[in-house]
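Worksheet: one structure, shown below.
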Amino acid sequence: MTPLKTTAKASTALLGALALALATGTGAAADSAPRSPGGWQESGVSSVNSLTGSQGLASRADGSLLYRGLASIPLDLRVKGWTHIGDPDIADGHTVDAYQGGDDAKSKMFAVTTPAGKRYLYEHKLDAGEKLNNSFAAVSPDKQWLVSGEWGDQNRLQVFPAPLLNSSTPPTGGALPQAGQISLDKPVRDIQGCDFVSGTRLVCASNDGSRQLWPEDRPVLQVDLEHALDGKPVTGKVTSLFAVPQRSICAGTFETEGVDYDAGRRTLRAEVVPPVPCLVTTSVYSYKPTTG
């Protein structure tokens, strides 16, 4: 979710570019062997249509995957100005999507879809100093808290009561205030998605290719919390796990997108969008833990 994607005009342009690439039949392909990062071993790679899957993914209880892309935004929400969808999460069969508007947006929104298909909208008006970006939704294992994040250089992750799932939130949608944030001991940049590995650990995908903050190019980061979320401020210790693969027949700039941890199958997944014109297909890399 780069700044390019924050406006409806930019979203339309990207949709057009993807459609053109589809028409020409251009795709991505791996051309080198994966390396073995500490703690995680690459176990496979698959691909998904970028129109419907390049922004994020979440694992269901049965092991199947839910994907989100620019074409996943329902028309009624797009008409209301919600022109970007982020990396989703699923908790107890409830799908939580992160939405943002254009560059002049004064709020961000989370949509919760129940197992029965009912959708409820929870809008958060921006607090002082808060960026409009809404890159992802990550629900804590106890289903009580929702973690999200902003673009650029950040020393925090945002925390909200989990909409609908936390009894403090309105049962049919409404306002969503912030709770105690996660203060990071080291800065992060351009976080595209996070997911919980345990009640006190998250993995996060960064689109930072500068190597200024971390030695890896576009790293997957680990955030260890001093204690499980409880609605109060908490500190998170950040370490870098590994760099996402950047393998394609197309040369240019790659983009890290969503990340998911399937606890039932102990599988970590990270999405990488290849350069133009191969961006029509998003690569989904899978990892298994090397220990434990």
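The values are calculated or read from the model by the stated rules, or taken from the named source; none is laboratory data. If you're wondering where the values come from, they're calculated on a predicted model, not measured in any experiment. Please note: Cβ atoms are built from the backbone with ideal geometry, for glycine as well, and neighbour counts cover all protein chains shown.
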Does SER46 satisfy the criteria of being modelled with pLDDT under 95 and surrounded by fewer than 16 Cβ atoms within 10 Å (Cβ to Cβ)? no
LEU51 - would you say it is in a helix (DSSP H, G or I), in contact with a Gly (Cβ under 8 Å, 6 or more places away or on another chain) and at pLDDT 95 or above? yes
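Suppose the filter is crowded, with 22+ Cβ neighbours inside 10 Å, under 17 Å from GLN55 (Cα atoms) and not charged (D, E, K, R); does GLY258 pass it?
Answer is yes for this residue.
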Give me the pairs, please: first residue somewhere in segment 60-82 and within 17 Å of ALA98 (Cβ to Cβ) and in a loop (DSSP other than H, G, I, E, B), second residue anywhere and polar (S, T, N, Q) and at pLDDT below 95, beta-carbon distance under 9 Å, and either six or more positions apart or on two chains. ILE73/SER11
Determine which single condition THR83 fails, assuming it passes every other condition in (1) farther than 22 Å from GLU257 by Cα; (2) buried (at least 22 other Cβ atoms within 10 Å of the Cβ); (3) hydroxyl-bearing (Ser, Thr, Tyr). (1)
Scanning segment 99-120 residue by residue, those hydrophobic (A, V, I, L, M, F, W, C) and within 17 Å of ARG68 (Cα to Cα) turn out to be MET109, PHE110, ALA111, VAL112
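Here is a yes/no grid of residues against (1) in contact with a Phe, Trp or Tyr (Cβ under 7 Å, 6 or more places away or on another chain); (2) under 20 Å from GLY129 (Cα atoms); (3) hydroxyl-bearing (Ser, Thr, Tyr):
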position: LEU157; (1), (2), (3): no, yes, no
position: SER167; (1), (2), (3): no, no, yes
position: LEU184; (1), (2), (3): no, yes, no
position: SER210; (1), (2), (3): no, no, yes
position: GLU226; (1), (2), (3): no, no, no
position: VAL234; (1), (2), (3): no, yes, no
So, in segment 103-149, of the ones that are among the small types (Gly, Ala, Ser) and touching a strand residue (DSSP E or B) at 6+ places or on another chain (Cβ under 9 Å), which residue ends up surrounded by the most Cβ atoms within 10 Å (Cβ to Cβ)? ALA137
Criterion: modelled with pLDDT of 95 or more, surrounded by 16 or more Cβ atoms within 10 Å (Cβ to Cβ), closer than 24 Å to ILE249 by Cβ and not small (Gly, Ala, Ser) - qualifying residue of LEU77, LEU65, LEU57: LEU57
Reported set for segment 86-100 where residues are surrounded by fewer than 24 Cβ atoms within 10 Å (Cβ to Cβ) and either among the β-branched types (Val, Ile, Thr) or closer than 21 Å to TYR285 by Cβ (or both) is ILE90, THR95
Residue among VAL188, VAL244 that is under 15 Å from TRP40 (Cα atoms), at pLDDT 95 or above and either crowded, with 21+ Cβ neighbours inside 10 Å or aromatic (Phe, Trp, Tyr) (or both): VAL244
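Counting only residues that are of a type in the set (A, V, I, L, M, F, W, C), under 22 Å from GLU271 (Cβ atoms) and surrounded by fewer than 23 Cβ atoms within 10 Å (Cβ to Cβ), how many does segment 150-170 have?
Matching residues across segment 150-170 total 1.
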Among the residues that make up segment 274-283, is at least one of them in contact (Cβ under 8 Å) with a residue 60 or more places away in the chain, assigned to a strand (DSSP E or B) and under 24 Å from SER140 (Cβ atoms)? no
Would you check which residues across segment 179-231 are closer than 22 Å to PRO274 by Cα and among the small types (Gly, Ala, Ser) and list them? GLY193, ALA205, SER206, GLY209, SER210
